Amino acid sequence: MTPTPEVIDLLIESRWIAAVDPDIVLKNHAVAVHNGRIVALLPASEARARFKANERVTLDDHILIPGLINLHTHAAMSLMRGMADDLPLMEWLQDHIWPAEAAHASAQFVYDGTRLACAEMLLGGITCFNDMYFYPEAAATAASEMGMRAVLGITAIEFPTAYASDADDYINKGLAARETLLDNPLINFCLAPHAPYTVSDKTFERILTLSEQLNLPIHCHIHETRQEIEDALKQNQIVPLARLHQLGLLGPGFIGVHAVHLSDSDLHLLADTGSNIAHCPTSNLKLASGFAPVARMRQFGINVGLGTDGAASNNRLDLFGEMRLASLLAKGISGDASAIPAHEALRMATLNGAIALGLGHEIGSITPGKAADLCAVSLANLSSRPCYDPVSHLVNVAGREAVTHVWIAGKCCVDHKRLCENGQNDLDSAIALWQNRLEVRR
């Protein structure tokens with residue numbers, strides 16, 4: 001007697017599937033999805049016999065991968081894309097970005113800027129982003145409307161802005177936002193002290209206490225420029241990373257952003273504490289910060305994920321570009337052509353980011369039981385042929401324009417290269433309004 005097929009919500013059949021964990025590429029397999037979760041990964045012929053799907057998607061010339069995870073960004077800063085290009089970091093921040101934020105940052109600014117960022121990221125296969133900015137409630141509203149997964153920073157900085165008056169005020173407002181959003185399955189939080197040069201020891205101590213009490217990751221810029229390290233040595237007689245270690249912040253819940261300038265002792269410290277790094281290669285190059293020693297980090301066993309930084313310092317929220325650049329830079333800097341191969345670059349853009357955020361059990365690989373955060377990439381173009389290794393093509397050939405479908409928790413967010421959510425006209429109007437305001441200020 002033939003068994004009755006199991007009814008599921010969605011069956012996705014693909015020519016190739018890169019599970020990431022384990023690091024295998026399966027050919028002519030299928031992913032079965034029900035109630036937003038992956039229930040099986042199996043040969044397509046077996047899937048058709050075992051399941052009766054309410055929706056079936058066939059991807060004849062695609063590779064299906066986990067949704068990409070942007071481990072560091074400032075989403076709302078998309079509204080400042082290209083506003084102050086070709087400047088070094090501190091001049092860019094102090095003379096242009098911070099004054100613009102002082103004049104314009106608001107809940108509406110964050111809502112509109114985050115919607116713009118989410119649209120760009122979704123169309124490029126990014127299903128989750130780790131944000132560091134103000135007004136997290138507004139960012140959560142924008143991300144939720146787009147159906148996107150987000151980890152929002154409880155920002156801390158010592159100087160006042162329109163959002164908060166001092167570090168305690170930032171933290172208190174962030175904690176209040178977290179309380180109101182605890183029931184949103186797509187929204188998580190982290191603690192986000194901006195950087196050692198803008199955050200006091202007292203504030204770091206409070207952040208550590210909250211991290212331990214609430215089991216929240218800590219997300220912080222670190223060792224981005226040589227000037228940052230030189231200034232810290234003059235002020236504190238130790239480098240910023242050592243200072244954070246003395247304060248107890250380093251560990252498996254710590255995400256150090258940029259980490260461009262690291263000595264061997266710094267690398268040992270990161271490895272020994274199990275800390276994570278968010279590598280942002282394009283931003284590091286654009287701001288002339290330098291070349292992060294990613295191949296050395298990986299030799300030390302440090303978990304490294306990929307981030308775009310904000311669109312104001314990149315100027316794209318494009319993890320395909322970051323994967324390729326991270327791989328090429330690692331080879332060029334190390335002199336080792338085998339450094340950061342394509343499969344590892346894909347892992348950096350997926351599972352490594354999930355692990356850093358404490359979400360490795362939930363996202364980052366195509367594994368039964370995890371959330372169905374998935375991205376389909378077409379390799380049908382002549383530029384992608386012949387194809388001997390689809391993951392190599394994913395990193396070295398295909399760009400974000402090859403993304404055709406995106407699902408988050410089993411819900412389709414991008415269908416045949418089009419956003420599934422409405423509101424494009426409203427977003428266009430909002431962007432034009434903010435451009436006019438920012439241009440008048442300049």
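Taken together, the values in this text are just the output of simple stated rules run on the coordinates, not laboratory data. These figures come from a predicted structure and were not determined experimentally. All Cβ positions, glycine included, derive from the backbone under ideal geometry; neighbour counts span all protein chains shown.
For the reader, a short list of remarks on this structure follows.
- Across every direction, the projection of the convex hull enclosing the Cα atoms of segment 219-333 has a mean area of 6.8 nm².
- Pairs from LYS286/LYS417; LYS173/LYS202; LYS202/LYS234 whose Cα-Cα separation, in the structure shown, is over 22 Å: LYS286/LYS417
- Its relative contact order, with pairs defined as Cα atoms under 8 Å and 6+ residues apart, puts segment 60-148 at 46 percent.
- C-alpha long axis of helix 264-273 to longest principal axis of the chain, angle in °: 60
- Segment 99-122-segment 341-376 distance, computed between alpha-carbon centres (Å): 27
- The tail of the calculated P(r) for segment 1-73 beyond 20 Å holds 32 percent of all Cα-Cα pairs.
- Using alpha-carbon coordinates, inclination of helix 107-123 to the longest axis of the chain, degrees: 40
- Fraction of the pair-distance distribution of segment 1-144 above 18 Å, Cα-Cα pairs, percent: 67
- Looking at the chain alone, DSSP beta bridges between its own residues are antiparallel in about 45 percent of cases.
- For LYS370, the lysines whose Cα falls under 16 Å of its own Cα, not counting residues fewer than eight places away in the same chain, are LYS411.
- Take the convex hull of the alpha carbons in segment 292-442; its mean projected area over all directions comes to 12.2 nm².
- Rg and Dmax of segment 291-334, based on Cα coordinates, read 11.2, 32 Å.
- One way to sum up the overall shape of segment 305-376 is the equivalent ellipsoid from its Cα gyration tensor, whose semi-axes run 23, 16, 10 Å, largest first.
- Whole-number D in µm²/s for segment 52-135 (Stokes-Einstein; Kirkwood sum over Cα pairs; 10 °C, 1.306 mPa s): 104
- Against the chain, whose longest principal axis comes from its Cα atoms, helix 201-214 is set at around 30 degrees.
- Taken about its Cα centre, segment 367-442 carries a charge dipole of roughly 160 debye when the Cβ of each Lys and Arg holds +1 and the Cβ of each Asp and Glu holds -1.
- Fully extended contour minus Cα-Cα distance, from GLU179 to ASP428, at 0.36 nm per residue: 86.5 nm
- When the P(r) is computed for segment 113-259, the part past 18 Å accounts for 57% of the Cα-Cα pairs.
- All aspartates and glutamates inside 17 Å of LYS331 as judged from Cα atoms, apart from same-chain residues fewer than 8 positions distant: GLU322, GLU344
- Using the Cβ-Cβ distance between ASP389 and ASN172 with R0 = 51 Å, the FRET efficiency computed as 1/(1 + (r/R0)^6) comes to roughly 0.50.
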